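**Q** Below: one structure in structure tokens.
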């Protein structure tokens, strides 16, 4: 039996013990140093198996220890959860000792509390696994750098290269391109691939916030700055401090705020609404617009000085119709994800649907592709998506869009009126975006602008389609 | 006079790579609980559960001592000590992550070396996330076949198939 000093040592090491005879009945024990036994209701005498039910299966081990064939047996990091849910970790050591007084072998079971040491290891491993699980999620959702920018085409490779290069610098990046080309995704990837990746990425769509709220959203406000400003609030610029701020649809930022944003970009300093205190924030600015900002400057809708300040590193993201076979790669990726999300058996596309997807001009780009496929996956009953599953009313193949059956009225028409009508229709269809409108008419931007001027069509105010 | 029922205690190990749902399956079976939060196990958590009695069996009461092992990255003597004395193992796979189907990662061979007579039950978990339950991954069925192990599909989240899987294990242990 452990002597007085040994008991002191065991106590200091948060170790409980139990001693058993050769028939595995208890001789002595002290469980006060461990919570491992706190809920056990054992009588004065109990067997090894009553005391340690977890040792079921270790009969051979116990026999070998008592016979001296095995010196000791260690079971590490046994978790113990009490009724309150508190988790502790224990090490169980089984060993045999000769009791000289009785000339018999005794089985010693020592239970040490190793919670302090193990909790730290658990915490590190938890973080490690969380990162691995999140990374796996990101990969499967196609959000990570390489896999996000799916595609083998030259334009996609160029965008990938662009992200890789600009992510290493702090320069302001201006992303242009049609709606749905993935400007927001590219901005996120630039942030993620940058040394700032662990810092905040704050995103705001300037078109989604009313002009009157935009200033307080961006720069924050002090208590009492306006009615209902019951407490002070940080703006997005402050939230993004040391990280990246992404302003989507920057072309929609009110002119009055453009000046304030420019000042911030020049000085990295700003004031909250209702405050006289100047604050500093170190923010990497990423902006995007589906409007031609240079044209907006010409139209006096965007400040030239801000445009020059933003136009440091610029990329125009390619529209989907220019990605060729990559459309099918993207479609396959979306179908795979949508099938999981929507719990459908769809595994791919029929060749005729693939051909259809390739011949469509995708004015809404990747967003339109994804939405069309989501609709199709919902209605698909088989394993392959077919043309019938797609909402065909919106599908107008490029090859079929010619004007092969134009008829001139008997009393003739004014060609200038026709041309003006086409210019207006193109602008209307492009939501006012001149680059896209010019593309619809297969004209260069310069020619398109020349014709707008000639026919006095105001590009900023496209007439609504009648 | 009827003989009193015998209670057999059998140790089983839960094997599988990280985040496949080993702990969730045991907790669902033992406590009827499911928690969405992922808490990685370190070392081993041990659960006890009496299986419902099986009519006509000599040992009517079967108590499972479930050793829920942490993801094993490196086979150490401590891990082999955990394996020892197990009568069976439930090998858990995440049906949504084919990468978890690799049994090399979970040291199944080492487990069988320590316990040559132990039975195996394969569990394809997270079936609630699969779009089509009727066509499980064929590679998993092949894998189970190659180990002569029954393959059952489970969802610790919904509880689907969990009781059936442990019942199959009980049959295996009393065989």
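The values are calculated or read from the model by the stated rules, or taken from the named source; none is laboratory data. Predicted, not measured: the structure shown is a model, and the values here were computed from it. Cβ: placed from backbone, ideal geometry, glycine included. Neighbour counts: every protein chain shown.
**Q** Return the residue satisfying two criteria in turn: it lies in the stretch B:34-61 and is away from every other protein chain (no Cβ under 11 Å) and at pLDDT 70 or above, and of such residues it is surrounded by the most Cβ atoms within 10 Å (Cβ to Cβ).
**A** Checking each candidate, the answer is B:51.
**Q** Within the stretch A:295-336, how many residues are free of Cβ contacts under 8 Å to residues at least 24 places away in the same chain and assigned to a helix (DSSP H, G or I)?
**A** The total comes to 7.
**Q** From the residues in the stretch B:95-123 that are touching a helix residue (DSSP H, G or I) at 6+ places or on another chain (Cβ under 6 Å) and touching a residue at least 60 places away in the same chain (Cβ under 8 Å), which one is nearest to residue B:149 (Cα to Cα)?
**A** Top of the filtered list is B:123.
**Q** Next question. Would it be correct to say that residue A:55 is under 26 Å from residue B:79 (Cα atoms), modelled with pLDDT of 90 or more and either in contact with a helix residue (DSSP H, G or I) (Cβ under 6 Å, 6 or more places away or on another chain) or surrounded by 14 or more Cβ atoms within 10 Å (Cβ to Cβ) (or both)?
**A** It is true that residue A:55 is under 26 Å from residue B:79 (Cα atoms), modelled with pLDDT of 90 or more and either in contact with a helix residue (DSSP H, G or I) (Cβ under 6 Å, 6 or more places away or on another chain) or surrounded by 14 or more Cβ atoms within 10 Å (Cβ to Cβ) (or both).
**Q** Related question: Only one of A:339, A:354 is at pLDDT 90 or above and assigned to a helix (DSSP H, G or I). Can you tell me which? So that I can check it myself, show each step before the final result.
**A** Working: A:339 fails: at pLDDT 90 or above.
One residue alone meets the criteria, A:354.
**Q** Which numbered condition in (1) within 16 Å of the chain's Cα centre (by Cα); (2) over 21 Å from residue A:342 (Cα atoms); (3) surrounded by 15 or more Cβ atoms within 10 Å (Cβ to Cβ) is the only one that residue B:164 fails?
**A** (3) is the only condition that residue B:164 fails.
**Q** Which condition from (1) over 22 Å from the mean Cα position of the chain (by Cα); (2) more than 20 Å from residue A:316 (Cα to Cα) is the one that residue A:243 breaks?
**A** Failing condition for residue A:243: (1).
**Q** Check whether at least one residue in the stretch B:96-109 is at the interface with chain A (Cβ under 10 Å from one of its Cβ atoms) and either in a loop (DSSP other than H, G, I, E, B) or modelled with pLDDT of 90 or more (or both), and report yes or no.
**A** For the stretch B:96-109, residues at the interface with chain A (Cβ under 10 Å from one of its Cβ atoms) and either in a loop (DSSP other than H, G, I, E, B) or modelled with pLDDT of 90 or more (or both): present.
**Q** Report the residue count in the stretch B:71-94 for those that are in a loop (DSSP other than H, G, I, E, B), within 11 Å of chain A (Cβ to nearest Cβ) and without any contact (Cβ under 8 Å) to a residue 60 or more places away in the chain.
**A** Number satisfying all stated conditions: 4.
**Q** Could you tell me which residue of the stretch A:63-77 is farthest from residue B:68 (Cα to Cα), considering only residues that are surrounded by 14 or more Cβ atoms within 10 Å (Cβ to Cβ) and within 10 Å of chain B (Cβ to nearest Cβ)?
**A** Only one residue tops the list, namely A:73.
**Q** Which of the following residues is under 23 Å from residue A:194 (Cβ atoms), outside any helix (DSSP H, G or I) and in contact with a helix residue (DSSP H, G or I) (Cβ under 7 Å, 6 or more places away or on another chain): A:261, A:265, A:245?
**A** Result: A:245 is the single residue among A:261, A:265, A:245 that is under 23 Å from residue A:194 (Cβ atoms), outside any helix (DSSP H, G or I) and in contact with a helix residue (DSSP H, G or I) (Cβ under 7 Å, 6 or more places away or on another chain).
**Q** Sticking with this one: Against the definition (touching a helix residue (DSSP H, G or I) at 6+ places or on another chain (Cβ under 7 Å), over 30 Å from residue A:389 (Cα atoms), away from chain B (no Cβ under 14 Å) and surrounded by fewer than 18 Cβ atoms within 10 Å (Cβ to Cβ)), how does residue A:309 come out, yes or no? Before you say what the answer is, go through the steps one by one.
**A** Details: touching a helix residue (DSSP H, G or I) at 6+ places or on another chain (Cβ under 7 Å): yes; over 30 Å from residue A:389 (Cα atoms): yes; away from chain B (no Cβ under 14 Å): yes; surrounded by fewer than 18 Cβ atoms within 10 Å (Cβ to Cβ): yes.
So residue A:309 fits the description; yes.
**Q** So is residue A:60 over 16 Å from residue A:17 (Cβ atoms), surrounded by fewer than 20 Cβ atoms within 10 Å (Cβ to Cβ) and in contact (Cβ under 8 Å) with a residue 40 or more places away in the chain or not?
**A** So residue A:60 fails the test.
**Q** Now for a different question. Which of the residues that make up the stretch B:1-22 are at pLDDT below 90, at the interface with chain A (Cβ under 10 Å from one of its Cβ atoms) and either crowded, with 23+ Cβ neighbours inside 10 Å or over 23 Å from residue A:124 (Cβ atoms) (or both)?
**A** Result: B:8, B:9.
**Q** Residue by residue through the stretch A:335-373, note down the ones that are under 30 Å from residue A:430 (Cβ atoms), surrounded by fewer than 20 Cβ atoms within 10 Å (Cβ to Cβ) and within 14 Å of another protein chain (Cβ to nearest Cβ).
**A** Within the stretch A:335-373, just A:337 meets the criteria.
**Q** Does the stretch A:266-280 hold any residues that are surrounded by 16 or more Cβ atoms within 10 Å (Cβ to Cβ) and touching a strand residue (DSSP E or B) at 6+ places or on another chain (Cβ under 7 Å), and which are they?
**A** Scanning the stretch A:266-280 gives A:270, A:271, A:272, A:273, A:279.
Condition check ((1) surrounded by fewer than 16 Cβ atoms within 10 Å (Cβ to Cβ); (2) without any contact (Cβ under 8 Å) to a residue 40 or more places away in the chain; (3) in the same structural domain as residue A:276 (by TED's automatic domain parsing); (4) farther than 18 Å from residue A:174 by Cβ) across all residues:
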residue: A:201; (1), (2), (3), (4): no, no, yes, no
residue: A:206; (1), (2), (3), (4): no, no, yes, no
residue: A:213; (1), (2), (3), (4): yes, yes, yes, yes
residue: A:216; (1), (2), (3), (4): no, no, yes, yes
residue: A:238; (1), (2), (3), (4): no, no, yes, yes
residue: A:244; (1), (2), (3), (4): no, no, yes, no
residue: A:250; (1), (2), (3), (4): no, no, yes, no
